């Protein structure tokens, strides 16, 4: 895109991720996060040019659930606003496109999900082909286990390697005050072979928000904006039978279009809810040991469904804000066994520039 | 750098019916998408991205259906977005797709919205009990009837206006081969004699439950130059949202609707919508919303909308035809209803609306709303490219 506007993530906030949050409604869970991210920029709701959110009615257990959280935004006087029934990473993508049109200079993006009221393994089966697959109720862990076994059968990973990913993620999460699982966690018993408790994400509730800004507005709002150098996403076929589960061509394609392979990144925040999925993503993204993967602990430390992908973008941006990264890759996923993937490349300007 | 102009070069709909038992959800959406591709004389390979919308997942009992529908919509290997903004979603989906073109992120985008209401029960989908939150009361009609009554009280509109709208829209639908309800023996007396459902809303003044899908191909200036048939050009588009309910909310004429229309008119350079717009496809699920939205959208002064309706201005051969397609009152696959409004507005300015074509329609408005009259999406399309 010639002459495209530069857009950056200028602020990020997230809730503490909890196994249960019975005492909070979604609105009560989201509001402190919204206030926090606005406070970081000094903006009020009325200063925001465009608002976009990501969430799922199936988690909330009611139709039009996002109408309630909109009340929490304080949409009065009326605001320019939209919603994706997807992870908030895709809400960020929609907001980025909106800023590129020039119709807005700032955007508020938020996402939330409460998995605790139901059985998220069962709920996610409702994403599957409703005629042939969903009636069999294959749950999300069982499908991920198929993928993990395919990796082992192909000689790409083994169970100790997966356990190592889980251990590294949770020890990294020790520095993350919002993480749900952190520290030394035993790999535990098999949930669905070859995946053990430790290979699986915690089930939890949480919310996240970011603010995007274009050009000089970004420089006013943030000392070191995390510039979005590229962002793209791609979807694969739904049926697991027609996909090579050891590979993620949609991730590779999105990364290519986002410019991820043009220069090395120093950090990668990958949305890999299962340890085995990190193996697939590292391969698709050509990440070697020089890249710091999931310093936040990743989805193995906290996986609030619908917000976990947006959190990867936020964590990557926050490291750039803090000067801990100069060029970071952020990834989000949706659907069974990494069906749909989004990749963004974020950069901070050199300090001497 | 100015935005890329956006053109509609392909439109496809299914024949909307109460139940499409002959196709799956995937089959239904593919039918509309294939017709839009045919209209544009393009193939699946020409599409850079897919933007899909529908109303709540509970209506079909399928969570995040874009995942399952990726194959049917030729999206494999492409970006696919799923928009959900309640009843306005069909309009919002088209606007999100248009931004992909306007920002030059993509050249040609397929956008589609659908609902297959026969797979489930919309009333059930809207009636899940949640503690401390207001459910929609006895479906949407129960929620909106008090606002209609407030409109009548505020404006002094005679109680016959609603039936005039229903009679007009159902007659218009007879000219639209894709419309769900084709009531050949319709008379004004039949509308007025139909049972009262939610006073003052009668059975014949409500929308049906439909299965259906609507698709559009949006493209840039280069794509429009290659189009085999006249494109519709986007002159303005906007979304506005306000909270569900609060003390200051005007349910009869929500501020978000006024602001949204004002933004679209500003973009399109429209100073007097009543004179400068030739046709309107308006989201009217209950007949009384025609006069209400005529005021909200700036076509009539406050309290005067019902007079336009009563005097025949909004008839197909009137000075400002509203819902020449038969509207939501005749066809309501909820998630698709907003996109049908946008698509029908585009058909009018392309001159391809067939029997329900408004003569010399050069500029048309597509309008959608949703939630508790809180989400609004609109676009204005024209036969000529926008001035740049």
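The values are calculated or read from the model by the stated rules, or taken from the named source; none is laboratory data. Keep in mind the model is a prediction, meaning the values are calculated, not measured. Cβ placement follows ideal geometry from the backbone for every residue including glycine, while neighbour counts extend to all protein chains displayed.
Any residue in the range A:100-118 that is within 9 Å of another protein chain (Cβ to nearest Cβ), surrounded by 24 or more Cβ atoms within 10 Å (Cβ to Cβ) and closer than 22 Å to residue B:335 by Cβ?
Scanning the range A:100-118, I find no residue that is within 9 Å of another protein chain (Cβ to nearest Cβ), surrounded by 24 or more Cβ atoms within 10 Å (Cβ to Cβ) and closer than 22 Å to residue B:335 by Cβ, so the answer is no.
Can you tell me which residue is farthest from residue A:253 (Cα to Cα) among those in the range B:63-80 that are within 7 Å of another protein chain (Cβ to nearest Cβ) and in contact with a helix residue (DSSP H, G or I) (Cβ under 6 Å, 6 or more places away or on another chain)? Outline the logic, then answer.
Of all residues in the range B:63-80, those within 7 Å of another protein chain (Cβ to nearest Cβ) come to B:63-64, B:67-68, B:70-71, B:75-80.
The next check asks that each one be in contact with a helix residue (DSSP H, G or I) (Cβ under 6 Å, 6 or more places away or on another chain); those that pass are B:63-64, B:67, B:80.
Working: B:63: 26, B:64: 22, B:67: 18, B:80: 14 Å.
Restricting to residues being within 7 Å of another protein chain (Cβ to nearest Cβ) and in contact with a helix residue (DSSP H, G or I) (Cβ under 6 Å, 6 or more places away or on another chain), the top hit is B:63.
Given the residues B:237, B:162, which is the only one that is crowded, with 22+ Cβ neighbours inside 10 Å, farther than 30 Å from residue B:83 by Cβ, in contact (Cβ under 8 Å) with a residue 40 or more places away in the chain and within 20 Å of the chain's Cα centre (by Cα)? Give the steps one after another, and end with the answer.
Working: B:237 fails: farther than 30 Å from residue B:83 by Cβ.
Being crowded, with 22+ Cβ neighbours inside 10 Å, farther than 30 Å from residue B:83 by Cβ, in contact (Cβ under 8 Å) with a residue 40 or more places away in the chain and within 20 Å of the chain's Cα centre (by Cα) holds for just one of B:237, B:162, which is B:162.
Determine whether the range A:48-62 contains at least one residue that is without any contact (Cβ under 8 Å) to a residue 40 or more places away in the chain and within 13 Å of chain B (Cβ to nearest Cβ).
Yes, that holds for at least one residue.
Please work out if residue B:34 is within 14 Å of another protein chain (Cβ to nearest Cβ), assigned to a helix (DSSP H, G or I) and either free of Cβ contacts under 8 Å to residues at least 24 places away in the same chain or touching a helix residue (DSSP H, G or I) at 6+ places or on another chain (Cβ under 7 Å) (or both).
When the stated conditions are applied, residue B:34 does not pass them.
Restricting to the range A:95-144, count the residues that are over 23 Å from residue A:237 (Cα atoms), in contact (Cβ under 8 Å) with a residue 12 or more places away in the chain and not in a helix (DSSP H, G or I).
Number of matching residues: 17.
Among the listed residues A:60, A:89, identify the single one that is at pLDDT below 95, touching a strand residue (DSSP E or B) at 6+ places or on another chain (Cβ under 8 Å) and more than 23 Å from residue B:259 (Cα to Cα).
Exactly one residue qualifies, and that residue is A:60.
Results for (1) in contact with a helix residue (DSSP H, G or I) (Cβ under 7 Å, 6 or more places away or on another chain); (2) modelled with pLDDT of 95 or more; (3) in a loop (DSSP other than H, G, I, E, B), shown as yes or no for each residue.
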{"residue": "A:284", "(1), (2), (3)": "yes, yes, no"}
{"residue": "A:303", "(1), (2), (3)": "no, yes, yes"}
{"residue": "A:306", "(1), (2), (3)": "yes, yes, yes"}
{"residue": "A:309", "(1), (2), (3)": "yes, yes, no"}
{"residue": "A:316", "(1), (2), (3)": "no, yes, no"}
{"residue": "A:325", "(1), (2), (3)": "yes, yes, yes"}
{"residue": "A:332", "(1), (2), (3)": "yes, yes, no"}
{"residue": "A:351", "(1), (2), (3)": "no, no, yes"}
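Which condition from (1) buried (at least 21 other Cβ atoms within 10 Å of the Cβ); (2) closer than 22 Å to residue B:173 by Cα is the one that residue B:9 breaks?
All conditions are met except number (2).
Checking residue A:214 against (1) more than 14 Å from chain B (Cβ to nearest Cβ); (2) in contact (Cβ under 8 Å) with a residue 60 or more places away in the chain; (3) over 17 Å from the mean Cα position of the chain (by Cα), which test does it fail?
Against the list (1) more than 14 Å from chain B (Cβ to nearest Cβ); (2) in contact (Cβ under 8 Å) with a residue 60 or more places away in the chain; (3) over 17 Å from the mean Cα position of the chain (by Cα), residue A:214 comes up short only on (1).
For the range B:215-223, check the following and say yes or no: at least one residue is within 14 Å of another protein chain (Cβ to nearest Cβ) and either over 24 Å from residue B:303 (Cα atoms) or under 23 Å from the mean Cα position of the chain (by Cα) (or both).
So far as the range B:215-223 goes, yes, one or more of its residues are within 14 Å of another protein chain (Cβ to nearest Cβ) and either over 24 Å from residue B:303 (Cα atoms) or under 23 Å from the mean Cα position of the chain (by Cα) (or both).
Exactly one of (1) more than 14 Å from every other protein chain (Cβ to nearest Cβ); (2) within 17 Å of the chain's Cα centre (by Cα) is unmet by residue B:269. Its number?
So the condition that residue B:269 fails would be (2).
Restricting attention to the range A:150-160, which residues are assigned to a loop (DSSP other than H, G, I, E, B) and in contact (Cβ under 8 Å) with a residue 60 or more places away in the chain? Walk me through how you get there before you give the answer.
First, pick out the residues of the range A:150-160 that are assigned to a loop (DSSP other than H, G, I, E, B): A:154-158.
Listed by number, the residues that qualify are A:154, A:156, A:157.
Can you name the number of the only condition in (1) in contact with a helix residue (DSSP H, G or I) (Cβ under 8 Å, 6 or more places away or on another chain); (2) more than 11 Å from chain B (Cβ to nearest Cβ); (3) assigned to a loop (DSSP other than H, G, I, E, B) that residue A:147 fails?
All conditions are met except number (3).
Can you tell me which residue is nearest to residue B:171 (Cα to Cα) among those in the range B:338-361 that are in contact (Cβ under 8 Å) with a residue 12 or more places away in the chain and out of contact with any strand residue (DSSP E or B) (no Cβ under 7 Å at 6 or more places or on another chain)? Before the answer, list the steps.
The first filter runs over the range B:338-361 and keeps only residues in contact (Cβ under 8 Å) with a residue 12 or more places away in the chain, leaving B:338-358, B:360-361.
Imposing the further condition that a residue be out of contact with any strand residue (DSSP E or B) (no Cβ under 7 Å at 6 or more places or on another chain) reduces the set to B:351-357, B:360.
Details: B:351: 20, B:352: 19, B:353: 15, B:354: 15, B:355: 12, B:356: 10, B:357: 14, B:360: 21 Å.
Here the residue is B:356.
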